[in-house]
């Protein structure tokens, strides 16, 4: 009987230790699970941006061929068509993964970006020579891309990033 308080103390201590270890394990498991999902979301967000940017680059090249853009590597619409189809084919599964794993604000911003890219494709399919209209589409595309990246950073808790606007040096006339 005299050892009963000590025995009760040991049992309470063991139970307390068990509860503390289990709570710690639960917290660690949640943290690891959240980390894995963040990694997966980042991969999905990055892949979607990559496939969309592939289409954007092709549109720059086609626009250069049509005289709407100063891209240094023009490409005719005929030559670009298989590449555009391939980019569109890659965009569909990337978009589905985005719908599955992406946060609602990110998916909304991705939609805004892809709609502008589709408008760029439509503009080029008309064969129009209108550098000002093309420049307006480029501005809209850049704003939509910035919105997508800002939503991604916000979802993943990342600090603000660069706008992605690179000012190119102006062309200088050759030295005499």
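The values are calculated or read from the model by the stated rules, or taken from the named source; none is laboratory data. Since we're looking at a predicted model, the values are computed, not measured. Neighbour counts run over all protein chains shown; Cβ positions are idealised from the backbone, glycine included.
Brief remarks on what is shown
- Output for region 62-77, where each listed residue is part of a helix (DSSP H, G or I) and either touching a helix residue (DSSP H, G or I) at 6+ places or on another chain (Cβ under 9 Å) or modelled with pLDDT under 95 (or both): 62, 63, 65, 77
- Single condition residue 36 does not satisfy, out of (1) at pLDDT below 85; (2) not in a helix (DSSP H, G or I): (2)
- Filter result (modelled with pLDDT of 95 or more and not in a helix (DSSP H, G or I)) within region 103-129: 103
For every residue, the table says whether it meets (1) closer than 22 Å to residue 43 by Cα; (2) surrounded by fewer than 13 Cβ atoms within 10 Å (Cβ to Cβ).
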site: 72; (1), (2): no, yes
site: 88; (1), (2): yes, no
site: 93; (1), (2): yes, yes
site: 107; (1), (2): yes, no
site: 121; (1), (2): no, no
site: 131; (1), (2): no, no
site: 140; (1), (2): no, no
site: 148; (1), (2): yes, no
site: 153; (1), (2): yes, no
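- Conditions (1) closer than 22 Å to residue 86 by Cα; (2) at pLDDT 95 or above; number of the one not met by residue 148: (1)
- Which listed residue, of 50, 91, is out of contact with any helix residue (DSSP H, G or I) (no Cβ under 7 Å at 6 or more places or on another chain), part of a helix (DSSP H, G or I) and closer than 17 Å to residue 148 by Cβ: 50
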